[in-house]
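Data first, discussion second: the structure below is written as structure tokens.
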Amino acid sequence: MAAAAPEVAVETEGAVGIVAINRPAALNALSISVMDALLEALGGFDRDPAIRAMVLAGLPRAFAAGADIGEMKHIADSKGADKALSLHLARWDKIALLKKPVVAAVSGFALGGGCELAMACDLIVASETAVFGQPEVQIGVMAGAGGTQRLTKIIGQALSMEMNLTGRRLTAREALSFGLVNRVVPVESYLVEAKKLAQLIAAQPPLAVQAAKASVRAAVDLKSSEGLAFERRLFFSLFDTRDQKEGMKAFAEKRKPVWSGQ
Ligand code: CAA
């Protein structure tokens with residue numbers, strides 16, 4: 001697949017689609033054009049039957065240092081903010097709503113919209129140099145793309161308050177201990193490890209993977225009884241798939257299943 005825009009590189013490795021932000025001069029700040037290109041590339045992979053999992057990467061120095069402050073500094077008032085930024089901020093939610101799993105490969109700064117972008121993904125592989133934060137308060141605003149919501153649900157109120165009210169940053173090791181990331185690896189291997197994790201997911205039956213992703217997401221958004229009912233419906237729906245027949249037959253026959261994705 002061709003690159004969606006010069007600031008976003010796109011490639012595939014087997015059934016894994018890899019999208020990388022490449023805007024080093026602005027520490028990968030998430031301008032409208034960068035976010036558009038990300039959505040185009042990730043959305044394309046989400047619709048491509050040959051792709052089963054995705055990796056969203058940044059650069060070793062910065063996953064992304066936030067939404068592009070240059071695009072916000074001239075906004076005069078709340079009406080102007082609504083007009084200029086509503087569609088932009090909805091792009092983070094669109095990434096969270098992709099059907100196929102996305103592994104964020106995070107190294108260096110993951111601040112503001114960058115931290116929010118990593119959290120919109122499903123799993124995070126962090127390099128030892130990764131730093132996570134919601135520093136918007138330090139430029140006179142607050143998080144606007146999930147930094148008070150997703151972050152609080154993941155790490156809890158006490159630490160989320162501290163990060164959102166003071167700009168405190170988390171090191172990669174702290175992020176691991178608070179459940180924000182899946183693993184921390186040396187900077188030389190964070191991208192490779194993120195791809196390995198995506199390959200591992202891509203090797204599972206895709207319809208079951210997508211149902212499980214939707215169900216885990218529902219745990220965050222729905223109240224418990226609704227979440228359990230949603231999970232039950234998705235669980236039952238997988239009994240309409242060939243992969244369920246194959247998976248259970250292969251288990252009984254003590255062999256490796258062959259997934260058809262149907
Ligand atoms: N938007 C636009 N440009 C940015 C940027 C951003 N979020 N972050 C960094 N840059 C640019 C800098 O302006 C600078 O450009 P110039 O060389 O042209 O001046 C370049 O990237 C390098 O940055 P620094 O010189 O500042 O590098 P540093 O190593 O001294 O500091 C940093 C790194 C601590 C990440 C610092 O750049 C910084 O604090 N960035 C802003 C972080 C931030 O506030 N993010 C939140 C943005 S608002 C938001 O995201 C809202 C939301 O919820 C969606």
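Bear in mind these aren't lab numbers, they're just calculated from the coordinates by the rules spelled out. If you're wondering where the values come from, they're calculated on a predicted model, not measured in any experiment. Heads up, the Cβs are rebuilt from the backbone with ideal geometry, glycines too, and the neighbour counts pull from every protein chain shown.
Before moving on, here are some points about what is shown:
- Degrees between helix 224-237 axis and first principal axis of the chain (Cα, 0 to 90, nearest 10): 40 degrees
- Each principal axis of the chain carries a Cα extent, and these read 64, 43, 36 Å when sorted largest first.
- Evaluated at q = 0.16 Å⁻¹, the base-10 log of the normalised Debye intensity for the range 206-252, with identical point scatterers placed on the Cα atoms, takes the values -0.47.
- The range 33-75 and the range 156-199 have their alpha-carbon centroids 18 Å apart.
- Each Lys and Arg adds +1 at its Cβ and each Asp and Glu adds -1 at its Cβ; summed about the Cα centre, the chain shows a dipole of about 760 debye.
- Separation of the alpha carbons by more than 28 angstrom is noted, of K195/K249; K79/K223; K153/K195, for K195/K249; K79/K223.
- According to the Kirkwood relation over distinct C-alpha pairs, the hydrodynamic radius of the range 158-262 is 17.0 Å.
- Under DSSP loop assignment and at most 16 Cβ neighbours within 10 Å, longest trypsin sites (Lys or Arg not before Pro)-free interval of the chain: 100-167
- Straight-line reach from K83: taking Cα to Cα under 21 Å and skipping same-chain neighbours fewer than 8 places apart, the lysines in range are K73, K94.
- Three-way shape label, the range 77-144, alpha-carbon gyration tensor, a/c 1.5: oblate
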